[in-house]
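This report refers to the structure that appears directly beneath it.
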Amino acid sequence: MTDILTYLIFLPMAGSVLLFFLKKERVATLKVLGFVFSLLTFGLSFIIYFAFDPSNAGFQFARRILWVPSLNISYYVGIDGISLMLVLLTTFLTPLALLSSWKSIEKRVKEYTIMMLLLETGMLGVFCALDMFLFYIFWEAMLIPMYFIIGMWGGENRIYAAIKFFLYTMVGSLLMLVAIIWLGYYASTQPNGRFTTDLLQLYSIAPAVPLTIQTWMFLAFTFSFAIKVPLFPFHTWLPDAHVEAPTAGSVILAGVLLKMGTYGLLRFSVPLFPDATIMFAPYIALLAVIGIIYGALVSMVQTDIKKLVAYSSVSHLGFVVLGIFALTEEGIQGSIIQMINHGLSTGALFLIVGMIYERRHTRMISEFGGLANVMPLFATFFMIVSLSSLGLPGLNGFIGEFLILVGAFKSTYLSQWFAIFSSTGVILAAVYLLWMYQRVVFGKMTNPINQNLSDLSKREIAVLAPVLLFIVWIGVYPGTFLQKSHNTTKHIISVVKQYTQSNLTHSDTTR
């Protein structure tokens, strides 16, 4: 089982290599093979999920091969309770994204399928990498296929959106690279030390970095991840990228790529720099609360369904960041499950928007109304997904937001006002989502074109049904998923408390 993560990461890439040698005219074969490789990857991730030992807080299925001996850089992969959930989310959404674009992508199908598979390899690499240089390679490699997916198969302003997405992420990536090199160099200055990018070694070195240096390293990493989340006010690239991206691109962007930012905060910023984390926690939490309220308010005034869902991501991911920097077990557990919930619910919303766009070639709310009369199945799926996104108890969205708010209330690093103000985002989410649903599905059918719309096809039901299964499963029995990350969460909290306590002891002895 030591090489299973390597197989998982590079199986989609192997599929893309196979597709490269097929003729572009064999459209059906290209689509089927791309879908099969993504399904095989999901099957492999399911094996890993059930073989994972939740009682072990450390990294499992680890594989290390020395890559650049002179710099002590390795191909080093492994997963814990945090990355396990995101790996499963990635492999689950990718085949659904490919299936959703079965009819909508008609040009350059070969290139499109190759890009989607390469993107999956990049995303899986990010979540499995335990060497910071390897993490950076996968982080950058993932940008290239996403840039082409938006730029080649996107909407009217796709070039502008693709360049904006690329530049924003690149700026943050450069800061992260500087911080990685700086941290590796600092390791070499220690007694018997040498330059290293091994994350596990740096976990024992970085927390002892002097606070002045630790602060700058923390800010470099956190700024890079804040752009990807995106945390207010670094969110301006997101609406453009979502609106212009094809449906599958939006699903992967919202479902997985945004989680790389919050994953980075949990994997690097918090455990590597606990002192700086505690110092900056109130300020980052403040930006998160502003993002929660701002994203919800802006969503309320949108006339484009896709842009409304895009801005809702700013609000929902604000909850995730708040939970992380509450630095409580409930907050971090809530953030991890909320990453999954957002990927499912918002991914499903983008799938639904894509389905209605294929029929009408418009996303304007004013163009619809009364769709429940002609599309009852569509209306039912749309209702369940909308309710899950607004956090209805019994569906997946509730448990994550509930744990985050509890964690924020209990936090010793944040005022309870953070939880109180952020809870308004839950109310506002109900307002903009129910308003959108009512305008699109209920009321009189004012546009006669909508009378001839067909209900969901078997393919579209096959795309949405698995998502709804997980939406209900997590909502009714979240323990299935929470137990996988429980011990990892406890370990992160213990690291923060350990260095906080040691600092308090040091401060007492120096008085």
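If you sort the three axes of the alpha carbon gyration tensor as a ≥ b ≥ c, you get a/c of 1.5 or more for segment 83-163 and a/b no higher than b/c, which makes it oblate.
Note on segment 141-231: Cα Rg divided by 2.2 N^0.38 Å, N the number of residues, gives 1.39. Taking every C-alpha pair closer than 8 Å and separated by at least 6 residues, the mean separation divided by the residue count of the chain gives a relative contact order of 15 percent.
Residues whose amide H lies under 5 Å from that of Q60, counting only those 5 or more places away or on a different chain, are I79, D80; hydrogens are built 1.01 Å from N in the peptide plane. On C-alpha positions alone, give me the angle between the axis of helix 396-410 and the longest principal axis of the chain, in degrees, nearest 10. Roughly 30 degrees between the two axes. Pairs exceeding a 31 Å alpha-carbon distance, out of K31/K490; K23/K228; K23/K164; K107/K306; K410/K484; K103/K164: K31/K490; K23/K228; K23/K164.
The Kirkwood hydrodynamic radius of segment 325-375, based on inverse pair distances between different Cα atoms, is 13.5 Å. Taking the 0 to 90 degree range and rounding to the nearest ten, how far is the long axis of helix 132-153 tilted relative to the main principal axis of the chain, both from C-alpha atoms? The answer is roughly 20 degrees.
Look at where the Cα atoms of segment 49-67 and of segment 449-491 average out, and the two centres are 26 Å apart.
Share of pairwise Cα-Cα distances greater than 24 Å in segment 346-477 is 38 percent (whole percent). Size estimate for the chain follows the Kirkwood approach: the inverse of mean 1/r over distinct Cα pairs works out to 23.1 Å.
Extension gain for the segment H491 to I213, taken as residue separation times 0.36 nm less the Cα-Cα distance, is 97.7 nm to one decimal. Stokes-Einstein diffusion for segment 379-449 at 25 °C, viscosity 0.890 mPa s, with a Kirkwood radius from C-alpha pairs, works out to 177 µm²/s. Counting Lys and Arg as +1 and Asp and Glu as -1 over every other residue whose Cβ lies under 13 Å from the Cβ of Y311, the net charge comes to 0. The long axis of helix 27-51 is offset from the longest Cα principal axis of the chain by roughly 40 degrees.
For the peptides 212-224, 447-459, residues were scored by their other Cβ atoms within 10 Å and the scores averaged per peptide; the highest-first order is 212-224, 447-459. Mean silhouette area of segment 13-167, derived from the convex hull of its C-alpha atoms and averaged over all directions, reads 10.5 nm². One equal scatterer on each Cα of segment 273-511, no solvent, Debye formula: the resulting log10 I(q)/I(0) at q = 0.08, 0.14, 0.18 Å⁻¹ is -0.35, -0.87, -1.24. For segment 80-161, the set of GluC sites (Glu not before Pro) satisfying both a DSSP loop assignment and a count of at most 11 other C-beta atoms within 10 Å is given as E106, E156. Taking Lys and Arg as +1 and Asp and Glu as -1, the other residues whose beta-carbon sits under 15 Å from that of V385 total 0.
For segment 346-385, the convex hull spanned by the alpha carbon atoms encloses 67 Å³ per residue. Here the gap between V17 and Y160, fully extended at 0.36 nm per residue and compared with their Cα-Cα distance, gives a gain of 48.6 nm.
Computed from the coordinates by the stated procedures, all read-outs in this text should not be read as laboratory data. Just so it is clear, the structure is predicted and the values come from calculations on it, not from any experiment. Ideal geometry is used to build each Cβ from the backbone, glycine not excepted, and the neighbour counts take in all protein chains shown.
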